[in-house]
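All of the numbers you see were taken from the coordinates with simple rules; none came from a lab. Every value quoted in this text rests on a predicted model; they were computed, and no experiment measured them. No Cβ is skipped: glycine too gets one built from the backbone with ideal geometry, and neighbour counts run over all protein chains shown.
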Amino acid sequence: MKSYETKNVRNIVLLGSPKSGKTTFAETVLFEGKVIDRRGTVEGKNTMSDNTEIEQIYQRSIYSTLLYSEFNNTKFNIIDTPGSDDFVGGVYSAFTVCESGLVLVNATQGVEVGTEIFIRQAQKHNKPLVIAINQLDSEKADWHLALDSLKNVYGGKIVQIQFPVNAGVGFDSFVDVLKMKMYKFTDENGTRQELDIPEDLKDEAEALQQELIEKAAENDESLMEIFFDKGSLTEDEIRTGLRAGMVKGDIYPVFCMSAKKDMGVKRVLEFLINVAPSPAEVENELKDGGKVKCDASAPVSIFFYKTALEQHLGDVAYFKVMSGTLKEGMDLVNPETGDKERISAIYAAAGKKREKVSEMQAGEIGCTVKLKSVKVGQTLCAGNENVFAPTRFPDPKFRTAIKAKEEKDEEKLGEILNRASAEDPTIVVEYSKELKQTILSGQGEHHINILKWKINNVDKLEIELLAPKIPYRETITKVAIADYRHKKQSGGAGQFGEVHLLIEPYYEGKPENNKFKVDGSEMVLNVKGKEEYPLEWGGKLEYYNCIVGGAIDARFMPAILKGIMEKMTEGPLTGSYARDIRVYIFDGKMHPVDSNELSFKLAARNAFKEAFKKAGPKIMEPIYNIEVMVPSDAMGDVMSDLQNRRGLIEGMQSENGFDVLKARVPLAELYRYSTTLSSLTSGRATFSQKFAEYQQVPADVQEKLLKAYEAEEKDE
Ligand SMILES: Nc1nc2c(ncn2[C@@H]2O[C@H](COP(=O)(O)OP(=O)(O)OP(=O)(O)O)[C@@H](O)[C@H]2O)c(=O)[nH]1
Ligand SMILES: [Mg+2]
């Protein structure tokens, strides 16, 4: 394969809801580019893109796949992505390396929730988009339904480039109002005739062309002048206007397609060559916020967006050449770690088919093997220190606990999970000391189940998924005092320590205080010192020394704090972490011989525990902000389900034809929410969740938790 100049490269991410035909389209692009001479099918389990066992079992894409193709002296790097929300990580990493996107809309469905989600994400990443209405050959294809649904959601952004002549079974032609031609296909291998537009379609074609010209003119002042002058624009001028609108995110040109029958695919590729930006026209963002031009004559830097383990090969690392010209055998440095790496080979990849190339110029996407330590999101350089901004992945939506069936396998499981999360950064693994569980989070239950399948079948390890525990917190609601004497007399040196303390609730910004009402009478403390401790698990402990007359030596104060801290990590109600408390040590007693640090630590621990119990203790639970996007007809069901989950609906608005619901829901009620939502809406909804704050649990819930903890304690 030759080395392509930056301006002749197009990096395109395929987007669209499940089953819209992305993988089928990619296969046809490879066929058109002669990378393959026979097209596989998703059902036949032999496409270049869905090339893993698990993708073939499910007959859907699960990983993002890089596929190159050469067409009209242009190198296409297509990234086929999964349509399911569960595997959205691959879409996000593709946004980091592709300059534009092609959205496939299923002609039998029109805009689906998936379509909307991906277009929304593409907009956030400033990606120009082209839309193809696919499966026009299908029996149930409905061009008008699909087009109207697009117009309904995206209004004036939708600019029709084509319309089908005979959508449905027998589909073989469409009219193109940019070329003002009719394309007719004579076989299912892309052979096409360019014909004059038939008389009976001319009016429609001319009207649409006029619309196209006006849209194109709107995006460029000089085009506007030409348009007012001549009342029309040339084909090239239209392209210039379209491109300007696309780059601003104001125009989505719409094409006709049957990816399966290779109709319309070539025309979209031609349009992408002529109109979609090449890598040379887009600046890439650095981690520190700076921007770098994609220039083949600059020093080399390459960014790694994905790695995948392949049998017999080890880690295959996928990169984009962000600047310079990468050559085989080059030595590069990771500017963040100082690690050196040699690029022993460079490949263009079409799924598992790899073609060795001797160099890749800026803008190209390829892969390499045998690197020592590079991770997803890192950059390697020579002669510069560019560090490109890593992909920002979405927050997890599904959380589960995981453990090996056999305890002896725990360590191996840990390694497998770390590797899984390095390959797929939307898999988050965390061992929670607090919960004593390994918590695995991902984008949905299916996402996690696929990982489970891999661990069972590839790594041959039996595992269990369990409901994750909830990181409750404990705090107090009123003032209380307690004292405790720790005393032990056994043979030699004894132990003696006595601590009197007062505790009160703390909140951010609470004024200082030294007068308290305790059990009906007033108490005034003489505050001599204060220490503040932000807690690792959130919230604060404020520690006041109010000792008068030397009742406790200053040297015992740290031991007293230690005793309190110990109890804070194991709250008296449920053993959860305690937070947001002020402790005042105001009295105590020492023994001239027997007092030591241990005695004061134990005394403080017990005094704190007693005071805590008297201070109206409360359990707090994590509350999450969630945002659900759902088609209007399913809104009622989704809303009442959320109310059953103790959710507080905070707002609702209509956006682009969907309802967006905002609510606050306790984490304890969100277990498997993604799965329920999917079954409530037949997979037509999506949601995101983010930690908001801790809040007191309602009395009935507290009662249940206390009982459960008591039972657990008895068991142990
Ligand atoms: N009739 C017809 N069927 C198509 C066309 N394109 C795709 N299909 C079929 O639609 C189904 C889904 O196609 P895929 O290519 O797997 O769709 P996808 O968008 O990659 O799906 P995910 O990977 O699940 O997101 C398969 O059965 C294809 O054969 C088309 O143009 N016409
Ligand atoms: Mg697919």
Exercise for the section: Using label points projected 7 Å from each Cα along Cα→Cβ, tell me how many nm separate SER490 and ASN152, to one decimal. Expected result: 7.8 nm
Handout entry: Simple Cβ-charge dipole of segment 110-174, Lys/Arg +1 and Asp/Glu -1, about Cα centre, in debye nearest 20
Key = 460 debye
Handout entry: Within the chain, helix-based [θ] at 222 nm, where runs of 4 or more DSSP H residues each add -39,500 (n - 2.57), nearest 500
Key = -8500 deg cm²/dmol
Completion exercise
For segment 9-159, the convex hull over Cα atoms projects on average to an area in nm² of 8.9 nm²
Handout entry: For segment 619-701, diffusion coefficient by Stokes-Einstein and Kirkwood Rh (Cα), 4 °C, 1.567 mPa s, µm²/s
Key = 100 µm²/s
Handout entry: segment 398-469: C-alpha gyration tensor shape, a/c 1.5 cut-off, then a/b vs b/c
Key = rounded
Exercise for the section: Could you tell me what fraction of 2.2 N^0.38 Å the Cα radius of gyration of the chain comes to, as a two-decimal ratio? Expected result: 1.20
Problem - Sorted by Cβ density within 10 Å, fewest first, the residues HIS312, HIS144 - result: HIS312, HIS144
Problem - Listed residue (ALA167, GLY190, ILE213) projecting farthest to the positive dipole end of segment 113-213, Cβ model - result: ILE213
Practice task
Enter the angle in degrees (range 0 to 90, nearest 10) between the Cα long axis of helix 221-230 and the first principal axis of the Cα atoms of the chain, meaning the one along which they spread out most.
Solution key: 30 degrees
Practice task
Using only the Cα atoms of segment 509-572, build the gyration tensor, take square roots of its eigenvalues as a ≥ b ≥ c, and label the shape rounded, prolate or oblate: rounded if a/c is under 1.5, else prolate if a/b is larger than b/c, else oblate.
Solution key: oblate
Completion exercise
Protection proxy (average C-beta count within 10 Å per residue), highest first, orders 153-165, 12-24 as 12-24, 153-165
Practice task
For LYS375, go through the lysines and keep the ones whose alpha-carbon is under 17 Å away, minus same-chain ones fewer than eight residues off.
Solution key: LYS287, LYS306, LYS320, LYS340
Problem - Of LYS45/LYS454; LYS515/LYS613; LYS403/LYS614, those spanning more than 30 Å from alpha-carbon to alpha-carbon - result: LYS403/LYS614
Fill in the blank from the handout: Length-normalised contact order of segment 141-222, Cα under 8 Å, at least 6 apart, in percent, tallies to 21 percent
Handout entry: the chain - charge dipole about Cα centre, Lys and Arg +1 at Cβ, Asp and Glu -1, debye rounded to 20
Key = 2220 debye
Practice task
Among ASP85, ASP459, ASP483, rank each residue by its count of other Cβ atoms within 10 Å, from fewest to most, as a rough exposure measure.
Solution key: ASP459, ASP483, ASP85
Practice task
Could you grab the relative contact order for the chain? Cα pairs under 8 Å, six or more apart, rounded to a whole percent.
Solution key: 10 percent
Problem - For segment 398-469: relative contact order, % (alpha-carbon pairs under 8 angstrom, 6 or more apart) - result: 46 percent
Completion exercise
Exposure-ranked with fewest Cβ neighbours within 10 Å first, PHE31, PHE600, PHE608 stand as PHE31, PHE608, PHE600
